[in-house]
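Working notes for the structure below.
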Amino acid sequence: MNFTSNKDIYRWIMIVVAVIITSLILWNTFDFFQQLKENERKNIREFGIAATDLQNQSLNADLGDLGFTVMGNTTSVPMIVVNYKGEMSARNLPEKAERDTEELKRLIEVFKQENDPIITEFEGEPFSTIYYGNSDVITKIKYYPMALVIIMLLFFSVIWFFYRSSKASEQNKLWAGMAKESAHQIGTPLSSLVGWTTILRDTDVDPSYIDEMEKDINRLKMITDRFSKIGSIPTLTEVDIVQQTKQAVEYIANRSSKLIKFDIDLPDQPIQVKLNEPLFEWVIENLIKNGIDAMKGKGNISVYLKADVYNVFIKIKDTGKGIPKQQWNQIFTPGFTTKKRGWGLGLSLAKRIIKDYHNGKIRVADSKKDLGTTFEITLNKI
């Protein structure tokens, strides 16, 4: 069993233990609530008996202190006593409510919903009916389990978000490590190819062939440089983003099928932005390639660049199959892909390059089924 499996087992054990502990707390709270409620009902019943006894004693009888003590101890439970004559008296209620007959009638209906009324008898006949509500302690305890559940849900939410964040961080490290390793692996045969082109120039091989080989070698060098920068803090320099965007689009356009039509709308004047040129071109190329894949090699790619006082906005639109709205944020997650082949790294790396390295934004600006998708990049002007 590997380390990841052990971590998953420990995580589930912690969750199960937390659920068990929460369940025990809730059960004990409920049991305590029921006991406390029963004790209050017992006290109210004793109060009714004591009140009945006191009211039916003769004037010369020795009443003692027991009845008064029992009645005096019932000070926390709001109650309304209705005697056999229909007369109402209230205890432990606000003074204003005790004098308001209509308010007492309303409270009687409320108390009926909270607790069953207690009927006292004298010599086998109903003597009074006691309507009582929940004390402050009961009310607070009643909402305690709900508060506990909310706290536990928040606790689990924090754990879940922490888990997702840590998992995303691990994935980002993995992708960065893979990118650097890929750059390292490409570097060795690339160096060999450079040497072979030098040797070939001393032979009778057509120089145009060697020129084309060197173009591809330079391209591989640029790709290697891009991969090597993933996971590191790249150097940003002041460049004309209009020219950089034009170069990136033209590179893809010159190597794309004639069935792909490019519409490029760029300002005539230069706009200075701090960029890492290879990584920025990679983002543009990646978005265009995704658009071409979505159109299955046939359609229109539109690239627009606009600017205001503070920002530069680049929009890349295709006429492909579109992206469902519920996936607009998911597509930037490492490993997420809708293609049969692919690792789901392109857009996640594009987001990392724009957001983390250039302090910008990248998002799906619009997408409709079978009409296409528009990506928007926002960068800060100098």
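Quick grid of which residues meet (1) touching a Ser or Thr at 6+ places or on another chain (Cβ under 8 Å); (2) in contact (Cβ under 8 Å) with a residue 60 or more places away in the chain; (3) open to solvent by 40 Å² or more (accessible area, probe 1.4 Å):
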site	(1), (2), (3)
Pro267	no, no, no
Ile271	no, yes, no
Glu285	no, no, no
Lys289	no, no, yes
Ser302	no, no, no
Asn329	no, no, yes
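So Lys246 fits all but one of (1) in contact with a Leu (Cβ under 7 Å, 6 or more places away or on another chain); (2) open to solvent by 60 Å² or more (accessible area, probe 1.4 Å); (3) not in a helix (DSSP H, G or I); what number is the exception?
Just one mismatch for Lys246, condition (3).
Residues in region 253-311 that are within 36 Å of the chain's Cα centre (by Cα), among the small types (Gly, Ala, Ser) and part of a helix (DSSP H, G or I): how many?
Count: 2.
Taking region 120-152 as the region of interest, how many residues are without any contact (Cβ under 8 Å) to a residue 24 or more places away in the chain and not charged (D, E, K, R)?
Going through region 120-152 one residue at a time, the tally reaches 7.
Would it be correct to say that Glu281 is of a type in the set (Asp, Glu), open to solvent by 50 Å² or more (accessible area, probe 1.4 Å) and within 28 Å of Val239 (Cβ to Cβ)?
For Glu281, the condition - of a type in the set (Asp, Glu), open to solvent by 50 Å² or more (accessible area, probe 1.4 Å) and within 28 Å of Val239 (Cβ to Cβ) - is not met.
Can you confirm whether Phe155 is within 17 Å of the chain's Cα centre (by Cα), open to solvent by 50 Å² or more (accessible area, probe 1.4 Å), in contact (Cβ under 8 Å) with a residue 40 or more places away in the chain and farther than 15 Å from Lys37 by Cα?
For Phe155, the condition - within 17 Å of the chain's Cα centre (by Cα), open to solvent by 50 Å² or more (accessible area, probe 1.4 Å), in contact (Cβ under 8 Å) with a residue 40 or more places away in the chain and farther than 15 Å from Lys37 by Cα - is met.
From the list Val110, Val81, Val77, which one is under 18 Å from Asn134 (Cα atoms), without any contact (Cβ under 8 Å) to a residue 60 or more places away in the chain and part of a helix (DSSP H, G or I)?
Answer to the selection: Val110.
Within region 70-90, count every residue that is open to solvent by less than 70 Å² (accessible area, probe 1.4 Å), modelled with pLDDT of 55 or more and on the phi < 0 side of the Ramachandran plot.
The total comes to 11.
Restricting to region 95-137, count the residues that are polar (S, T, N, Q), open to solvent by 30 Å² or more (accessible area, probe 1.4 Å) and within 26 Å of Phe30 (Cα to Cα).
The total comes to 1.
Checking the condition within 30 Å of Val312 (Cβ to Cβ) and modelled with pLDDT under 75, which residue from Ala253, Ala183, Ala248 passes?
Just a single option satisfies the conditions, and that option is Ala183.
Could you check how many residues of region 143-152 are modelled with pLDDT under 75 and open to solvent by 90 Å² or more (accessible area, probe 1.4 Å)?
Within region 143-152, residues that are modelled with pLDDT under 75 and open to solvent by 90 Å² or more (accessible area, probe 1.4 Å) number 2.
When region 312-323 is examined, which residues are found to be surrounded by fewer than 21 Cβ atoms within 10 Å (Cβ to Cβ) and outside any loop (DSSP other than H, G, I, E, B)?
Listed by number, the residues that qualify are Phe313, Lys315.
The values are calculated or read from the model by the stated rules, or taken from the named source; none is laboratory data. This structure is a prediction, so every number in the text was calculated from the model and none was measured. Here Cβ is always computed from backbone atoms with ideal geometry, including for glycine, and neighbour counts include all displayed protein chains. The protein model used for the area step is the full one, side chains on, heavy atoms only, and it has no ligands, DNA or RNA in it. Shrake-Rupley method; radii C 1.70, N 1.55, O 1.52, S 1.80 Å.
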